[in-house]
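Trainee: One structure, pasted below without further comment.
The values are calculated or read from the model by the stated rules, or taken from the named source; none is laboratory data. Every value quoted in this text rests on a predicted model; they were computed, and no experiment measured them. A quick note on method: Cβ atoms are made from the backbone with ideal geometry, for glycine too, and the neighbour counts reach across all protein chains shown.
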Amino acid sequence: MTDLRIREMRPSDKSEVSELICVSTNQWYLMHGFDANFPGGPRVTEIFYDVYSVLEGSWGIVAENKKTSRLMGTCFYHIRPTHVALGIMNVHPNYFKLGVARSLLKYITDISDRENKPLRLISSAMNLDSYSLYNQAGFIPHFIYQDILLTVPENGIKDDIPGLKNVRPATLGDVPGMVNLELEISGIQRGGDYAYFIENRDGLWHVSVWEGNNGEINGFLASCSGHGFNMLGPGVSRDQEQATALILQEANQNKGKTILFIIPAESSRLVKRMYEWGGKNNELHFSQVRGEFTPYSGVIIQTFMPETG
Ligand SMILES: CC(C)(COP(=O)(O)OP(=O)(O)OC[C@H]1O[C@@H](n2cnc3c(N)ncnc32)[C@H](O)[C@@H]1OP(=O)(O)O)[C@@H](O)C(=O)NCCC(=O)NCCS
């Protein structure tokens, strides 16, 4: 599109970016017969700008209409030690299917090429527009995930999970153990994100770790709760029972609320337990990588906040 220019996001873009994420996502889902994803409006989607403007290595880009200076699309990226991650991608409905997303994606694939790092994301398995966009740019889907919506009872979930006693709140001293675990299990590192969650300066985060008898970290799970955005993840664990115990602990930080989390479809015992707790499938996602990928050797709980893959 000749009328379009891609530029880095500016603080003055915040409200227009939040409006665009909200209207783009809601409109796409409504057009395809689903419910709006952000019924709470742009106050909820402000969280993307708020978190990515303070998280080290993360920032956003916009596609600006050169004639009107209005935004046609937005996307976020995260440069991490082992990889680059792509955050939520949105095009304003007035400009769907005109190549805006393709231009935004090119800017970010250029960053990952310059950094010589794989580019990772999670994308909806129900959205052929985004699947095609990423697939044409060289992404390969590797794992299937189920997005589970769960309403946590007012007095919390009660379940006798083996290993629940090993779960405790994380401290900053746990970050090296969390980083090593994730590197071993999924081949990526993002210790800066974990320190940011645990410091919790914006009051949005809670993190639990699953600690073994010798003090080793065998799993962890973060959760984000604020402005109507209640989501568990990211999380990593060696096995499904540890993941179940961590989900219970973080779900119970959200008593009386409906939470969303994204679990591997292949983790059948974990999936079955979520149904027993009343979880409902909301969507399916693929984790996708453009570049080198090492298969996971444990359980990865994905999230949109911040984007993982
Ligand atoms: C998904 C979304 C970002 C796509 O934006 P867009 O600007 O309409 O996409 P583009 O016009 O750049 O099209 C992307 C490419 O996919 C191709 N494409 C689309 N549908 C296709 C299909 N069924 N088969 C093959 N290719 C297809 C297009 O032709 C285009 O490739 P080209 O440039 O080589 O022709 C947009 O629909 C959106 O914002 N949706 C709501 C939010 C969302 O779902 N974000 C993604 C989260 S996973």
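Trainee: For S130, only one of the following conditions fails: (1) within 16 Å of the ligand (Cβ to nearest atom); (2) crowded, with 17+ Cβ neighbours inside 10 Å; (3) touching a residue at least 60 places away in the same chain (Cβ under 8 Å). What is its number?
Mentor: (3)
Trainee: Does at least one position in segment 214-231 carry a residue that is touching a His at 6+ places or on another chain (Cβ under 6 Å) and on the phi < 0 side of the Ramachandran plot? It would help to see each step written out before you state the result.
Mentor: If we filter segment 214-231 for residues that are touching a His at 6+ places or on another chain (Cβ under 6 Å), which is where we start, we get 223.
Narrowing further to those that are on the phi < 0 side of the Ramachandran plot: 223.
Checked against the condition, which is being touching a His at 6+ places or on another chain (Cβ under 6 Å) and on the phi < 0 side of the Ramachandran plot, segment 214-231 yields at least one hit.
Trainee: Any chance segment 69-77 includes a residue that's within 12 Å of the ligand (Cβ to nearest atom), farther than 20 Å from Q302 by Cβ and either among the aromatic types (F, W, Y) or not in a strand (DSSP E or B) (or both)?
Mentor: The answer is no; no qualifying residue exists.
Trainee: Looking for something surrounded by 15 or more Cβ atoms within 10 Å (Cβ to Cβ), without any contact (Cβ under 8 Å) to a residue 60 or more places away in the chain and either within 16 Å of the ligand (Cβ to nearest atom) or assigned by TED's automatic domain parsing to the domain that holds G228 (or both) - is there at least one such residue anywhere in segment 104-117?
Mentor: Taking segment 104-117 as the starting set, the residues that turn out to be surrounded by 15 or more Cβ atoms within 10 Å (Cβ to Cβ) are 104-105, 107-109, 111-112, 117.
This time we only want the ones that are without any contact (Cβ under 8 Å) to a residue 60 or more places away in the chain, so: 105, 108, 111.
Now drop any that are not either within 16 Å of the ligand (Cβ to nearest atom) or assigned by TED's automatic domain parsing to the domain that holds G228 (or both), which leaves 105, 108.
There is at least one residue in segment 104-117 that is surrounded by 15 or more Cβ atoms within 10 Å (Cβ to Cβ), without any contact (Cβ under 8 Å) to a residue 60 or more places away in the chain and either within 16 Å of the ligand (Cβ to nearest atom) or assigned by TED's automatic domain parsing to the domain that holds G228 (or both).
Trainee: Now, a different point. So A243 clears everything in (1) crowded, with 23+ Cβ neighbours inside 10 Å; (2) part of a strand (DSSP E or B) except one condition, right? Which one?
Mentor: All conditions are met except number (2).
Trainee: With (1) within 6 Å of the ligand (Cβ to nearest atom); (2) closer than 23 Å to G233 by Cβ; (3) in contact with a strand residue (DSSP E or B) (Cβ under 7 Å, 6 or more places away or on another chain) as the list, and V100 as the residue in question, which single condition is left unmet?
Mentor: Result: V100 passes all but (2).
Trainee: Could you please give the count of residues in segment 257-288 that are in contact with a strand residue (DSSP E or B) (Cβ under 8 Å, 6 or more places away or on another chain) and either more than 16 Å from the ligand (Cβ to nearest atom) or without any contact (Cβ under 8 Å) to a residue 24 or more places away in the chain (or both)? Let's see the steps before the verdict.
Mentor: The initial filter retains those residues of segment 257-288 that are in contact with a strand residue (DSSP E or B) (Cβ under 8 Å, 6 or more places away or on another chain), namely 257-267, 270-271, 274, 277-288.
If we keep only those that are either more than 16 Å from the ligand (Cβ to nearest atom) or without any contact (Cβ under 8 Å) to a residue 24 or more places away in the chain (or both) too, we end up with 257-259, 261, 263-267, 270-271, 274, 277-281.
Residues in segment 257-288 being in contact with a strand residue (DSSP E or B) (Cβ under 8 Å, 6 or more places away or on another chain) and either more than 16 Å from the ligand (Cβ to nearest atom) or without any contact (Cβ under 8 Å) to a residue 24 or more places away in the chain (or both): 17 in total.
Trainee: Taking R168 and the conditions (1) farther than 22 Å from S223 by Cβ; (2) part of a strand (DSSP E or B); (3) more than 17 Å from the chain's Cα centre (by Cα), which numbered condition does it fall short on, given that it satisfies the others?
Mentor: (1)
Trainee: In the set T25, T82, which member is polar (S, T, N, Q) and within 11 Å of the ligand (Cβ to nearest atom)?
Mentor: On the way: T82 fails: within 11 Å of the ligand (Cβ to nearest atom).
Exactly one residue qualifies, and that residue is T25.
Trainee: Okay, next question. Pick out the one residue from L55, L4 that is farther than 19 Å from S124 by Cα and within 13 Å of the ligand (Cβ to nearest atom). Can you show your working first?
Mentor: Details: L55 fails: within 13 Å of the ligand (Cβ to nearest atom).
That would be L4, the only listed residue that is farther than 19 Å from S124 by Cα and within 13 Å of the ligand (Cβ to nearest atom).
Trainee: In the set N166, N155, N214, which member is of a type in the set (S, T, N, Q), surrounded by fewer than 16 Cβ atoms within 10 Å (Cβ to Cβ) and either touching a residue at least 40 places away in the same chain (Cβ under 8 Å) or touching a Leu at 6+ places or on another chain (Cβ under 7 Å) (or both)? Spell out the reasoning first.
Mentor: Numbers: N166 fails: surrounded by fewer than 16 Cβ atoms within 10 Å (Cβ to Cβ); N214 fails: either touching a residue at least 40 places away in the same chain (Cβ under 8 Å) or touching a Leu at 6+ places or on another chain (Cβ under 7 Å) (or both).
Exactly one of N166, N155, N214 is of a type in the set (S, T, N, Q), surrounded by fewer than 16 Cβ atoms within 10 Å (Cβ to Cβ) and either touching a residue at least 40 places away in the same chain (Cβ under 8 Å) or touching a Leu at 6+ places or on another chain (Cβ under 7 Å) (or both), namely N155.
Trainee: For segment 287-304, name all the residues that are more than 18 Å from S237 (Cα to Cα) and out of contact with any Phe, Trp or Tyr (no Cβ under 7 Å at 6 or more places or on another chain).
Mentor: Taking segment 287-304 as the starting set, the residues that turn out to be more than 18 Å from S237 (Cα to Cα) are 288-293, 304.
Within segment 287-304, G291, E292, F293, F304 meet the criteria.
Trainee: Still on this structure: Among the residues in segment 194-202, are any crowded, with 22+ Cβ neighbours inside 10 Å, part of a helix (DSSP H, G or I) and in contact with a helix residue (DSSP H, G or I) (Cβ under 8 Å, 6 or more places away or on another chain)?
Mentor: Yes: one or more hits.
Trainee: Being within 15 Å of the ligand (Cβ to nearest atom), in the same structural domain as N90 (by TED's automatic domain parsing) and assigned to a loop (DSSP other than H, G, I, E, B) is the requirement here; does F48 meet it? Give the derivation first.
Mentor: Values: within 15 Å of the ligand (Cβ to nearest atom): yes; in the same structural domain as N90 (by TED's automatic domain parsing): yes; assigned to a loop (DSSP other than H, G, I, E, B): no.
Criteria not met by F48.
Trainee: Moving on. Being assigned to a loop (DSSP other than H, G, I, E, B), in contact with a Pro (Cβ under 6 Å, 6 or more places away or on another chain) and surrounded by 15 or more Cβ atoms within 10 Å (Cβ to Cβ) is the filter here; which residues of segment 249-296 pass it?
Mentor: Of all residues in segment 249-296, those assigned to a loop (DSSP other than H, G, I, E, B) come to 255-257, 265-267, 277-279, 291-296.
Then drop every residue that is not in contact with a Pro (Cβ under 6 Å, 6 or more places away or on another chain), which leaves 291-292.
Passing the criteria: only G291.
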